[in-house]
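Chemist: Okay, here's the structure, questions in a sec.
The values are calculated or read from the model by the stated rules, or taken from the named source; none is laboratory data. Note that the structure is a prediction, hence the values are computed from the model and not measured. In case anyone asks, the SASA skips ligands and DNA or RNA and just uses the protein heavy atoms, side chains included. Shrake-Rupley method; radii C 1.70, N 1.55, O 1.52, S 1.80 Å.
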Amino acid sequence: MTEPNPLVSPTTSRSVTETVNGSHKFVIQGYSLAKGMGVGKHIASDNFTVGGDQWAIYFYPDGKNPEDHSAYVSVFIALASEGTDVRALFELTLVDQSGKGKHKVHSHFDRSLEGGPYTLKYRGSMWGYKRFFRRAMLETSDYLKNDCLKINCTVGVVVSATNCSQLNSIQVPESDIGAHFGMLLDNMEGSDVIFNVAGEKFHAHKLVLSARSPFFRSKFFDDGVEEDEQEIVISDLEPMVFKVIFIPIRSNLLKAYWVRICVLVGFLCLFISLCDSLQAMLHFIYRDTLTEDVDMATSSSSSDCSVSETLTTKLLAAADRYGLDRLRLMCESHLCKDISVNSVSSILALADCHHATELKAVCLKFAAENLAAVMRSDGFTYLKENCPSLQSELLKTVAGCEEDCSSEGGKSRSVWAQLSDGCDTTGRRVRQRT
């Protein structure tokens, strides 16, 4: 008589349906100038990603519905990427700028929806309010301050997943290899190469540098460098700087001293800049992170500071020269945050010079979408005179934007139209030729 098989432990699974939430803050500066653009015409926020889909906020200063005769402003959230039957919850908040916290909120999150989450069928589908706020009341309210409106949007994309049972779990800590290699750099243990920057010396390790940079790998192992050659001089300083310091200046004594002091100060600044750049690059090679100086320099940068003078820009040049692709992308990401109408031409030229392809693409797109304003900036004059190939690429990008606008049925205002509404590139009204 056969014995019954022992019972096999049952397996379990669980289906979880939840929302992946993300928010976007949309600031509309110059509300009074946006009025009168026409019923059904909108101002769009930048696209933002939630749940793997792209979204945008559309604000209609004169309303979306012609039947309202511009009595209301309209606000909608639109699906901006390809997708079918995307289910989501939404929240729109018009921010009270008086500090009283009396925001105007329309939300799916704080109530039960009889029909479930809203379904957007295809790209361009929207959810929102044609009569979001009566315009006359908006213009005398605390929601409008200094001709500025602030709209916060939250999207919750519905996702479902089936989880299998897990009896045990073991937490694996984050990698600390960067900290270990960083200790080698800090204590100089086992170093076998020295970088000499105008007398300032930095100890490093050939194997680490070669593993991280194809430039150093070639220099140390492919070019037949002698084993006992342990010091590398960084000679990026201009020879003229040394020449001016040591050649006597035949002038009155006071002028000679003053000129020498000025030159020495300039030399010191250049020396410190080179040391900072090399130190930041070595920090990345060993730790795979940027120094705090780079983060602080980026966060405190302003339009008054030349983009080409920042530590981030010098690191970008070093990353390009030494083949540090990840460092180059990190610098591109930092510089991307500084793009504005006044800086985009300079950053575009830098991106092209140092093969920063992603940063270059962002600059071209931004410049194309804000063409009229960019063409009035000082940076564009430099671009036009010194970088004709970039000007040609910009025109191609503008043409691409025009095609996108046409494919969307003319919902977005043409960038060429920004230049053909009776204004020249200096903003003056001109008579149209017939």
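Chemist: I'd like the Karplus ³J(HN,Hα) series for the stretch 346-358: coefficients 6.51, -1.76, 1.60, θ = phi - 60°, whole numbers in Hz, and an x wherever there's a Gly or Pro.
Modeler: For the stretch 346-358, the Karplus-derived couplings read 5, 5, 4, 5, 5, 4, 5, 5, 10, 6, 8, 5, 5 Hz, x marking Gly and Pro.
Chemist: May I ask you to give the solvent-accessible area per residue for the stretch 46-97, in square angstrom, as obtained with a 1.4 angstrom probe?
Modeler: 36
Chemist: For the stretch 107-117, in order, what is each residue's ³J(HN,Hα) by Karplus, 6.51 cos²θ - 1.76 cosθ + 1.60 with θ = phi - 60°, in whole Hz (x at glycine and Pro)?
Modeler: Karplus-based 3J(HN,Hα) across the stretch 107-117 equals 9, 8, 6, 9, 8, 8, 9, 4, x, x, x Hz.
Chemist: Determine the distance separating the Cα centre of the stretch 46-66 from the Cα centre of the stretch 325-363; give it in Å without decimals.
Modeler: Spelled out, the Cα-based centre of one part sits 27 Å from the other.
Chemist: How much accessible surface area, in Å² rounded to 10, belongs to the heavy atoms of residue 378 with a 1.4 Å probe?
Modeler: Ignoring ligands and nucleic acids, residue 378 comes out at about 140 Å².
Chemist: Please list, in chain and number order, the residues 5+ apart from residue 54 or on another chain whose amide H is under 5 Å from its amide H, with Hs placed from the backbone.
Modeler: Long-range HN contacts for residue 54: 80, 81.
Chemist: Between residue 128 and residues 5 or more places away or on another chain, which pairs have amide H atoms under 5 Å apart, with H built 1.01 Å from N, and which residues are they?
Modeler: The list, which skips near neighbours in sequence, is 77.
Chemist: Of the listed pairs 219/384; 64/337; 104/365; 100/365; 314/365; 121/150, which have alpha-carbon separations greater than 30 Å here?
Modeler: The answer is 219/384; 64/337; 104/365; 100/365.
Chemist: Computing the accessible area with a 1.4 Å probe over protein heavy atoms, can you report the carbon and sulfur percentage for the stretch 336-375?
Modeler: 57
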